[in-house]
Amino acid sequence: MNDFINKNKIYILPSTLLVLNILAITFHFFTKIPFKFELVPLVIGGFVVIKSTILATVKKKKITAGLLVVLALIGTTYVGEYLSGSIVSFMMIFGEFLEDLTMKKTQNAVRSLIKLVPHKCRKKIGNKFEEVSIREVRPGDIIQVIAGEKIPVDGIIETGQATINESAITGESMPVDKTVHDKVFVGTLNENGVIQIFTEKIGNETILGQIIKTVKNAQENKGNVQKTADKFAEFFLPTILLICAITALLTKDIMRVMSILVIACPCALVLATPTAVIASVGNAAKKGVLIKGGVVIEELAKVNTICFDKTGTITKGTPEVVSILIYDESKRNEFLKTLAIVEKNSGHPIGKSIVKYLVEKENMDLSSIPNGEFNMLFGRGVSVKIGDKSYEVSNRKVLTELNSKDNINSQNLNNNVHHLNDKRIYNFLDDEEKLGRTALIVVSDGNILGCLSVADTVRPYIKDTIEELRSLGIEDFIMLTGDNEYTAKAICDEVGIKQFKSNLLPQEKLDYIKELQSQGKHVAMIGDGINDAPALTLANVGIAMGMAGTDIASDASDITLMSDRIDFLCETVSLSKKTYSIIKQNIWIFAVCVNIVGILLSGLGFLNPIAAAIIHNASSIFVVLNSSRMLGYKYKNDTTSNNRLSLQSN
């Protein structure tokens, strides 16, 4: 029971006050009871608001919107508007609840990152490896990692070779073949092979440790963002108090002073942001976009630069066969059969993409394809032997072996030498590799049958999305990736992004975003991976691809797109700009203008406290009505987006 309460304590107060306020509204307007029930939520909420406001004012040493709420509670209580005071205190507490919820999500992201580190590993003690706690590992120790295990340290491979999935750190979708003297990182997965690692870094000093540290620091920095209401409160509250003092001195009329306090009660101001935010968040949620609070909407409305991660954001995050060259069309079936024999039982993402191509595009039945002796050729490709025949799908390194006449079957010598001298093979390899694709050669018993290339393909309508975002006022688009320069440039050219940064580690992404912010840019970062978490947290707005992305990215972000539809980002940006406009209308028209006129009339004696309370409540009602327009807000291309979705599903 205690564990349940601890896990859900941030929900208890806002949920309780919500229920109490609903009951208070019911009893006030529909069912009469012997006492004013609204005093119950007013006392509870008022106590919490006054306490937190005092603590916040002392800590920040500046005026906050909380002091305006305290002023509102005094004024509404004086004239007997207990329900208004209760609702105002609830809205203040609800806003703080959204902030606490965001902080909790970030803490969850940090916990998920920590879980990437294995608790135990095999450490070399004497002449054998023994399983020990990760806490017993020190720099200089030798660690053994077998297939299927996560690497527990940052270090260098001393012996062995393996295929390492580094997507958790670099974001690259393709596993990397590594051997002696190559670096490996904690939290990455050994998909194939056995390696011994010389430990260089452990704990907080590792790449993953730095990611965890930067996520925490970035969240703390983001907590310093000042709300619009807080900025307004800095000059509004002293002004009201000064007017009250002058009125008291000149008129000696306490009722005029109280009328000023009541009309100046910032209910409309306090309601201005959360009502618009709640309506907008609800609108976005219906379309599969989760927005974590009002500050996020305000920040997104100001964004002028968007940084994209590549893998899983601009691209789909999974490799596909994108191009094929068959040397002799009469041998097409032999080409496809060789692919099937070699890749049928492969667990590598490239192999899986080839199998998918054979089944879905070529309609092949792989159940009739024989199994052979499978051999992983590290840094080169895969080969399979069936009887006396060998089949291979490898990169251009296979050409070196085929160029050696000792390795060419005499039966295929003339044909193969001809193929090796054919410029089409080399042109295909060169062209595909310049585009950042993985180019492979298909060989059957020493005879080259053709080539194919595999690549992570871009998402549908990403180019249209970027153009639409540009029309919404976004000035700069930059792709940040851990991938190589050739791949980065090819993707950017395809989708219309002019700027990119390649070969970036998580810390370098973070440094680049800091550099942009130091130039006065308001930056949004959109990504999907563990390695994006620090950048998502530090950016003015972090946006995660929910369905395709990791839980850690979603927890570290401010906005989560629950589908893979990146074009929903356009509607989210437009929604935030419209919401921000509504918030400013609420503040300047219904809060400021009404208050100025009301204060003037109260000071001149035309309004008594009751009349002031009526006008004050009317302005609050108009705020709610104005904000409610966001519930039905539709983006101009909403219908087009739905049509796109239908086309895609077909």
**Complete:** The residue that is modelled with the lowest pLDDT, considering only those in segment 386-405 that are assigned to a loop (DSSP other than H, G, I, E, B) and surrounded by 12 or more Cβ atoms within 10 Å (Cβ to Cβ), is ASN403
**Request:** Scan segment 489-504 residue by residue and report those that are in a loop (DSSP other than H, G, I, E, B), free of Cβ contacts under 8 Å to residues at least 24 places away in the same chain and either surrounded by 14 or more Cβ atoms within 10 Å (Cβ to Cβ) or among the aliphatic types (A, V, I, L, M) (or both).
**Result:** SER502
**Request:** Filter segment 327-345 down to the residues that are open to solvent by 10 Å² or more (accessible area, probe 1.4 Å), more than 41 Å from the chain's Cα centre (by Cα) and of a type outside the set (Asp, Glu), then identify the one that is modelled with the lowest pLDDT.
**Result:** TYR327
**Request:** Give the number of residues within segment 346-371 that are surrounded by 15 or more Cβ atoms within 10 Å (Cβ to Cβ), touching an Asp or Glu at 6+ places or on another chain (Cβ under 9 Å) and small (Gly, Ala, Ser).
**Result:** 2
**strands (runs of 3 or more DSSP E) completely within segment 517-618 that count 2 or more residues being at pLDDT below 90 and of a type in the set (A, V, I, L, M, F, W, C)** = 541-545, 559-561
**Request:** Could you please find all residues in segment 458-488 being in a helix (DSSP H, G or I) and either small (Gly, Ala, Ser) or farther than 18 Å from GLU508 by Cβ (or both)?
**Result:** ILE462, LYS463, ASP464, THR465, ILE466, GLU467, GLU468, LEU469, ARG470, SER471, TYR486, ALA488
**Message:** Given (1) at pLDDT below 90; (2) more than 30 Å from GLY282 (Cα to Cα); (3) out of contact with any helix residue (DSSP H, G or I) (no Cβ under 6 Å at 6 or more places or on another chain), identify the lone condition not met by ALA168.
**Reply:** (3)
**Prompt:** Checking ILE324 against (1) among the aliphatic types (A, V, I, L, M); (2) open to solvent by 50 Å² or more (accessible area, probe 1.4 Å); (3) under 30 Å from ALA539 (Cα atoms), which test does it fail?
**Reply:** (3)
**Asked** Which residue pairs have Cβ atoms under 6 Å apart, sit 6 or more places apart or on different chains, and have a first residue in segment 363-375 that is farther than 12 Å from LYS389 by Cα and among the hydrophobic types (A, V, I, L, M, F, W, C) and a second that is part of a loop (DSSP other than H, G, I, E, B) and open to solvent by less than 70 Å² (accessible area, probe 1.4 Å)?
**Response** LEU366/LYS344; ILE369/LYS344
**Complete:** For segment 197-210, the count of residues that are touching a Gly at 6+ places or on another chain (Cβ under 6 Å) and either exposed (fewer than 15 other Cβ atoms within 10 Å of the Cβ) or not β-branched (Val, Ile, Thr) (or both) equals 5
**Item:** Matching entry among THR26, THR31 (being hydroxyl-bearing (Ser, Thr, Tyr), more than 39 Å from the chain's Cα centre (by Cα), farther than 18 Å from LEU261 by Cβ and not in a helix (DSSP H, G or I))
**Value:** THR31
**Item:** Any hit, segment 319-331, residues being of a type in the set (A, V, I, L, M, F, W, C) and free of Cβ contacts under 8 Å to residues at least 12 places away in the same chain
**Value:** no
**Residues (more than 36 Å from the chain's Cα centre (by Cα) and small (Gly, Ala, Ser)) located in segment 352-386** = SER367, SER368, GLY372, SER383
**Request:** Might you let me know whether segment 475-491 holds any residue that is modelled with pLDDT under 90, among the aromatic types (Phe, Trp, Tyr), within 26 Å of MET174 (Cα to Cα) and out of contact with any Asp or Glu (no Cβ under 6 Å at 6 or more places or on another chain)?
**Result:** yes
**Item:** Hits in segment 128-158 - residues which are within 10 Å of PHE198 (Cβ to Cβ), free of Cβ contacts under 8 Å to residues at least 60 places away in the same chain and surrounded by fewer than 18 Cβ atoms within 10 Å (Cβ to Cβ)
**Value:** GLY140, ILE142, ILE156, GLU158
**Message:** So LYS634 ticks every box in (1) closer than 20 Å to GLU468 by Cβ; (2) outside any loop (DSSP other than H, G, I, E, B); (3) at pLDDT 80 or above but one. Which box is left unticked?
**Reply:** (2)
**Message:** Looking at the structure I just gave you, is VAL382 part of a strand (DSSP E or B), without any contact (Cβ under 8 Å) to a residue 60 or more places away in the chain and in contact with a His (Cβ under 8 Å, 6 or more places away or on another chain)?
**Reply:** yes
**Selection within segment 574-591 - farther than 12 Å from THR273 by Cβ and either open to solvent by less than 20 Å² (accessible area, probe 1.4 Å) or touching a Phe, Trp or Tyr at 6+ places or on another chain (Cβ under 8 Å) (or both)** = SER574, LEU575, SER576, LYS578, PHE590
**Asked** Scanning segment 282-292 for residues that are more than 15 Å from LYS577 (Cβ to Cβ) and over 15 Å from the mean Cα position of the chain (by Cα), which turns out most open to solvent (accessible area, probe 1.4 Å)?
**Response** LYS286
**Item:** Where a residue in segment 181-194 is open to solvent by 70 Å² or more (accessible area, probe 1.4 Å) and its partner, wherever it lies, is assigned to a loop (DSSP other than H, G, I, E, B) and β-branched (Val, Ile, Thr), with Cβ under 7 Å and at least six apart
**Value:** VAL194/ILE146
**Complete:** So, first residue farther than 22 Å from ALA618 by Cα in segment 243-266, second residue open to solvent by 50 Å² or more (accessible area, probe 1.4 Å), Cβ within less than 6 Å, six or more apart or across chains; the pairs are THR247/ARG256
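The values are calculated or read from the model by the stated rules, or taken from the named source; none is laboratory data. Because the structure is a prediction, the values reported are computed rather than measured. Please note: Cβ atoms are built from the backbone with ideal geometry, for glycine as well, and neighbour counts cover all protein chains shown. Surface areas here come from the heavy atoms of the whole protein model, side chains and all, with no ligands, DNA or RNA. Shrake-Rupley method; radii C 1.70, N 1.55, O 1.52, S 1.80 Å.
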